[in-house]
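Asker: The structure that follows is given in the form of structure tokens.
The values are calculated or read from the model by the stated rules, or taken from the named source; none is laboratory data. None of the values given here were measured: they were computed from a predicted structure. Note: ideal-geometry Cβ built from the backbone for every residue, glycine included; neighbour counts use all protein chains shown. Accessible surface is based on the protein model in full, side chains and every heavy atom, while ligands, DNA and RNA are left aside. Shrake-Rupley method; radii C 1.70, N 1.55, O 1.52, S 1.80 Å.
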Amino acid sequence: MAALIMAALPVLVGQDLDRKITLRIQNETLEHALKEISRKGDIRFSYSPRKIPLKEKVNLNVTEKSVGAILDELLEPLGVSWFESEYHVVLKMKKSGDSGKPQATVNRKYTLSGYVRDQTNGEVLIGANVYDKITYQGTTSNAYGFFSLTLPAGNYTITFSLIGYTSFDQEIKLEKDFTTDLSLKETSIEMKAVEILSDKEIQGIEPAAAGEVRFSTSTLKRMAGFAGNIDVLKSLQAVPGINAFGDGSSFFYVRGGNNDQNLMLIDEAPIFNPAHLFGFFSALAPDAIKDVKAYKGDFPASYGGRLSSVIDIRARDGNLNRFGFSGNLGIFTSDLTVEGPLAKEKSSFILSARKSNLNWLSNSELTGKSFTIDFYDLNAKLNIRLNKKNRLFLTGFTGNDDFSRLTNASIHTFGISWDNTTGTIRWNHLFNNKLFSNTTAVFSEYNYYLYISREEDDYWKSSIRNNTLKTDFTWYPNLSNTLKAGIDLSNYHSNPGNVHFSDDETQKSAPLIPEYNSLGLSVYFSNDQIIREKLSLKYGLRLSSWRNLGPATVYFYDAAYEVADTIEVDKGSYFSPYFNLEPRISLAWAPGSGITITAGYCRTAQYLQMLSNSTSPFTSLEVWAPSGPNIKPQQADQFSLGLLTMTGKPGISFTAEAFYKLFRNQIDYKDHANMLYNPLIEGELRFGSAKSYGIELLARKSQGKLTGWVGYSYSRILKTIEGINQNLEFPAVYDHPHSLFANFMLSAGKRWELAASWFYMTGSAFTSPTGFIQYNGYTVPVYGKKNNDRLPDYHRLDMSVTFRLNRPENRFRHNLILSVYNLYGRKNPFALSFNKIMNDNGDFVVPSDLSGSTEIIPTSISVAGFIPSLNYTFKF
């Protein structure tokens with residue numbers, strides 16, 4: 001792989017203006033002459049057709065003359081000057097008093113750098129385009145709004161643009177390094193374009209990158225979310241290659257990867273369970289989100305630790321200019337966001353809180369039982385400009401879910417609960433106009449509780465805690481290269497599940513499951529390189545290492561998965577070290593006519609895995625375990641090939657991408673595995689390989705009153721696990737061969753917004769009985785191959801209607817939102833049961849006596865039907 005990367009990295013050289021060519025041009029246009037020089041001299045010209053006299057007739061008769069001399073002879077009489085800029089020859093009309101191309105400064109280069117911000121609230125803008133309007137050479141602002149652009153000395157019209165904002169042109173005379181902080185004005189609601197955009201689809205500057213998807217804020221706000229809420233998870237599932245499990249689950253699967261192979265970050269802190277209410281709501285308050293970027297293919301080398309995807313969410317920084325508030329009042333949830341400056345234009349804060357309103361679902365009067373469904377989350381952030389070169393961000397997040405049921409039995413209250421807590425401190429430092437650094441300290445903790453009795457405070461608990469310290473550097477040496485390097489050190493503590501009893505004597509007799517302590521260290525280097533005008537390359541290398549720390553009790557298993565040996569590891573010692581080299585490379589070529597071709601290869605390694613043999617949102621017990629003597633690190637190699645075409649009609653595009661992915665050291669479970677409170681849980685695991693492949697298609701329309709996209713994907717994920725299914729290949733439970741979806745948004749007048757989303761996917765694979773036999777008077781199911789059957793296909797339609805109550809010019813904005821989840825009430829089952837019979841009343845019941853000859857009736861369980869909601873949102 002190293003040889004492949006080296007072969008793909010030619011040395012950066014300029015165009016050969018000393019090359020000698022022969023030309024015979026008689027009474028042809030200047031445009032024709034330039035095309036001939038470009039063809040014979042391998043020269044790329046950049047100019048404004050409106051300013052250069054392309055239709056002027058010219059004559060040339062030269063033999064073995066240098067390209068530079070030919071340009072002087074051809075252009076001087078026409079009043080056109082030229083100079084070389086990276087991989088272009090730039091043509092400009094001479095100004096009055098201009099003697100020609102600037103000989104003294106033609107080789108001098110200077111750097112334009114600064115930050116791009118929102119004009120209204122002062123927040124930095126991520127992914128803003130900064131480019132020369134003539135040559136289209138440019139860059140984009142990074143995750144902190146910083147950009148750096150090095151150009152030859154001269155006069156430029158620099159364009160700043162971003163979807164959802166009005167473009168701005170700035171005239172700059174670049175005679176020395178120049179710093180600017182520029183603010184863009186958000187476009188009106190009626191003019192906002194809706195984009196699902198690849199990160200580098202920027203007005204001719206760079207081709208699209210493989211496997212990257214970014215949601216603009218305007219897109220998220222206009223999509224039909226659940227119960228009137230912006231939903232990051234469900235929005236991502238409207239992208240080819242990202243599939244949901246279904247209703248009532250936060251699980252999602254990317255290009256054949258399992259749910260735990262996705263890394264979700266909020267301001268660089270990992271979130272281990274990103275959902276409320278079993279996946280119906282995202283764990284992040286809508287008004288706290290600024291930007292969402294998903295990597296489903298080619299990971300940048302700065303990301304690691306998961307095999308299949310990275311979801312990088314950036315929280316809003318808070319308004320630097322004025323105080324404001326926003327909120328939502330709804331049937332299911334209510335939230336409130338307050339933000340404003342602590343010191344105007346120097347520091348700001350944002351505080352966003354959300355609380356569920358679900359207690360009206362309790363039904364104790366009818367059944368004698370009651371249950372509570374409750375959740376909340378709180379996001380807070382401080383943004384402090386220490387000086388021109390230093391900036392500090394402090395981010396905090398906490399969220400909690402609780403599901404409890406009260407009965408008249410001896411154990412009165414039982415239930416489940418989980419909570420996430422994260423904290424991030426980030427320090428941005430600008431060494432100079434070409435070197436940027438960010439240092440981050442991260443804390444993240446996730447706890448999962450299964451309550452035996454709330455009154456007695458008896459429960460089973462699993463948890464995982466992470467502390468990370470990392471530093472990243474970005475260097476912009478020239479227009480053609482952006483180099484990044486970094487190091488991160490992470491500590492993990494995992495409790496695989498222990499029982500807590502309030503009674504001391506009972507607690508003493510309870511077995512203690514050994515906990516895990518691990519240390520990870522990673523370093524990386526990458527470069528985003530423009531090889532030629534229409535050819536770019538991204539390449540990088542990540543070196544990751546992992547080791548487990550004592551004190552620990554380590555079990556070793558024989559071929560039959562019986563304990564063969566046990567060792568005790570002392571505190572301060574380490575064991576089971578692992579190292580992985582993770583190369584990444586991607587290529588993008590834009591041959592012209594709105595076409596971009598991409599190709600990529602990515603290797604990833606994963607040292608943490610969630611052990612759970614259930615996909616049900618109500619029975620999934622989450623245990624996080626590290627790689628060690630019995631669990632080798634998971635690895636994946638992904639190859640991708642893509643095509644992006646921009647049609648002749650503005651705002652309409654088509655994307656196709658194919659992938660092939662190989663997985664190693666994949667995990668499955670033996671039949672009837674005991675995953676709860678088991679000190680020998682690693683002996684319940686089985687290991688093998690997997691492969692996935694597919695093609696993803698996306699057509700979108702991003703301009704006009706009606707906007708949206710339609711997508712389709714065909715993909716397979718097949719596993720081969722030793723000791724499972726007679727060692728034969730079988731489809732994974734999350735294998736959904738066909739997925740189809742459509743999202744449309746309509747601006748109907750000045751006050752009405754309509755949105756609709758339709759989803760379809762092949763039903764999940766599961767193992768069903770191939771028949772039943774009578775054994776000793778009992779009806780017993782007989783099973784064949786693993787995952788030999790499928791649930792019914794999943795599909796649903798969501799819709800929302802938004803009515804704006806205010807006039808466009810008002811600072812106080814408020815809306816009414818009527819939304820419907822699953823408009824036509826489709827009952828999408830997530831499980832089938834083969835343990836019920838029909839009684840004399842026609843009801844399906846579990847028989848108290850399974851003896852005798854009884855007819856077993858398959859029954860299904862579904863979570864969500866038709867769910868309407870009415871919300872009132874406001875912002876000032």
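Asker: Can you work out the Karplus-derived ³J(HN,Hα) for every residue in the range 155-170? Use 6.51 cos²θ - 1.76 cosθ + 1.60 with θ = phi - 60°, whole Hz, and x for glycine or proline.
Answerer: With coefficients 6.51, -1.76 and 1.60, one gets 9, 9, 9, 9, 9, 10, 8, 6, 4, x, 10, 6, 5, 9, 9, 10 Hz.
Asker: Now for a different question. Taking the full set of protein chains and a 1.4 angstrom probe, give the accessible area of S593 in square angstrom, rounded to the nearest 10.
Answerer: 110
Asker: Where in the range 371-385 is the amide nitrogen less than 19 Å from a point lying 7 Å along the Cα-to-Cβ axis of S502?
Answerer: 372
Asker: Where does the Debye-calculated log10 I(q)/I(0) of the range 448-516 sit at q = 0.21, 0.27, 0.28 Å⁻¹, using only Cα point scatterers of equal weight, no solvent?
Answerer: Per q value, in the given order, log10 I(q)/I(0) is -0.92, -1.14, -1.17.
Asker: On full extension of the chain, what length is gained from L358 through T767, given 0.36 nm per residue of separation minus the C-alpha to C-alpha distance? It would help to have the intermediate numbers written out before the result.
Answerer: Numbers: separation 409, 0.36 × 409 = 147.24 nm, distance 3.51 nm.
Once the chain is fully extended between L358 and T767, it gains 143.7 nm.
Asker: On to the next question. Return the FRET efficiency for the residue pair A748, T166: r is the Cβ-Cβ distance, R0 is 25 Å, and the value is rounded to the nearest 0.05.
Answerer: Numbers: r = 23 Å, r/R0 = 0.93.
With R0 = 25 Å, the Cβ-Cβ based efficiency is 0.60.
Asker: Rank these by accessible area, largest first, 1.4 Å probe: E64, E268.
Answerer: Values: E64 110, E268 25 Å².
Reading off the accessible areas and sorting them downward yields E64, E268.
Asker: Assuming R0 = 51 Å, what is the FRET efficiency of D793 and Y557, from their Cβ-Cβ distance, to the nearest 0.05?
Answerer: Working: r = 40 Å, r/R0 = 0.79.
After rounding, the FRET efficiency stands at 0.80.
Asker: Can I ask one more? More than 53 Å apart: what percent of Cα pairs in the chain qualify? The partial results should precede the final answer.
Answerer: Values: 77137 of 383250 pairs.
Cα-Cα pairs in the chain separated by more than 53 Å: 20 percent.
Asker: Just add up the charged neighbours of E622: K/R +1, D/E -1, any other residue whose Cβ is under 12 Å from the Cβ of E622. Walk me through the numbers before you get to the answer.
Answerer: Details: positive: K461; negative: D260.
Overall, the nearby charge balance is 0.
Asker: In the range 384-492, if the dipole is taken from +1 on Lys/Arg beta carbons and -1 on Asp/Glu beta carbons about the Cα centre, which of I384, Y459, A441 is farthest to the positive end?
Answerer: I384
Asker: Now for a separate question. Per residue, how many Å² of accessible area does the chain show with a 1.4 Å probe?
Answerer: On the way: 37800 Å² over 876 residues.
On a per-residue basis, the chain sits at 43 Å².
Asker: Mind jotting down the distance between the C-alpha centroids of the range 333-355 and the range 520-572, whole Å?
Answerer: Distance between centres, Cα-based: 39 Å.
Asker: Please report the relative contact order for the chain, taking Cα pairs under 8 Å with a sequence separation of at least 6, and give it as a percent rounded to a whole number.
Answerer: Values: 2357 pairs, mean separation 74.4, N = 876.
In percent, rounded to a whole number, it is 8.
Asker: Let me ask something else. Please report the relative contact order for the range 499-584, taking Cα pairs under 8 Å with a sequence separation of at least 6, and give it as a percent rounded to a whole number.
Answerer: 26
Asker: Once Lys and Arg get +1 and Asp and Glu get -1 on their Cβ, which of N478, P240, N743 lies farthest toward the positive end of the dipole of the chain?
Answerer: The Cα lying farthest towards the positive end belongs to N478.
Asker: Starting from the Cα of A510, step 7 Å along the direction of its Cβ; do the same at D42; then give the gap between the two resulting points in nm.
Answerer: 7.3
Asker: Also, I was wondering about something else. Once ligands and nucleic acids are excluded and a 1.4 Å probe is used, how much of M799 is accessible, expressed in Å² to the nearest 10?
Answerer: My reading of the accessible area for M799 is about 70 Å².
Asker: Based on the Cβ-Cβ distance of E729 and T566, what FRET efficiency does E = 1/(1 + (r/R0)^6) give at R0 = 41 Å, to the nearest 0.05? Intermediate values should be presented prior to the final figure.
Answerer: Numbers: r = 35 Å, r/R0 = 0.85.
Result of the calculation: an efficiency of 0.75.
Asker: How large, in percent, is the carbon and sulfur part of the accessible surface of the chain at a probe radius of 1.4 Å? Let's see the in-between values first.
Answerer: Details: 21530 of 37800 Å².
It is 57 percent, rounded to a whole number.
Asker: On to the next question. State, to one decimal in nm, how far the label point of I695 lies from the label point of K51, with both points 7 Å from Cα in the Cβ direction.
Answerer: The answer from the label model is 4.5 nm.
Asker: Does the range 253-393 classify as rounded, prolate or oblate by the C-alpha gyration tensor (a ≥ b ≥ c root eigenvalues; a/c under 1.5 gives rounded; else a/b over b/c gives prolate, otherwise oblate)? List each step's numbers first, then the result.
Answerer: Details: a/c = 3.35, a/b = 1.21, b/c = 2.76.
Since a/c reaches 1.5 but b/c is at least a/b, the shape of the range 253-393 is classed as oblate.
Asker: Here's a follow-up. Using only protein heavy atoms and a 1.4 Å probe, report how much of L489 is accessible, in Å² to the nearest 10.
Answerer: 80
Asker: Ignoring everything except DSSP H segments at least 4 long, calculate the 222 nm mean residue ellipticity for the chain; use -39,500 (n - 2.57) per segment, divide by total residues, nearest 500.
Answerer: Working: 7 runs with 48 residues, N = 876.
Value at 222 nm, helices only: -1500 deg cm²/dmol.
Asker: Still on this structure, please answer the following. Which value, in debye to the nearest 20, gives the size of the charge dipole of the chain about its Cα centre, when Lys and Arg are +1 and Asp and Glu are -1 at the Cβ?
Answerer: Value, rounded to 20: 3740 debye.
Asker: Another one. For the pair L78/L643, report the inter-label distance in nm, with labels modelled 7 Å from Cα in the Cβ direction.
Answerer: 3.6
Asker: Same structure again: Contact order normalised by length for the range 231-311, with contacts defined as Cα pairs under 8 Å and 6 or more residues apart; what percent is it?
Answerer: On the way: 112 pairs, mean separation 25.0, N = 81.
The value is 31 percent.
Asker: OK, next. I'd like the orientation of helix 30-41 relative to the chain: the angle between its Cα long axis and the longest Cα principal axis, in ° from 0 to 90, rounded to 10.
Answerer: So the helix axis and the longest Cα principal axis differ by about 70 degrees.
Asker: Same structure again: Can you give the local net charge around G865? Use residues other than it whose beta-carbon is closer than 12 angstrom to its beta-carbon, Lys and Arg +1, Asp and Glu -1. Write out the running numbers ahead of the final one.
Answerer: Values: positive: R796, R826, K827; negative: D247.
The answer is +2.
Asker: Shifting gears a bit: When Rg is the radius of gyration of the Cα atoms in the range 106-169 and Rh is its Kirkwood radius, what does Rg/Rh come to? If you can, show how the numbers build up before the last one.
Answerer: On the way: Rg = 12.1 Å, Rh = 12.2 Å.
My calculation puts Rg/Rh at 0.99.
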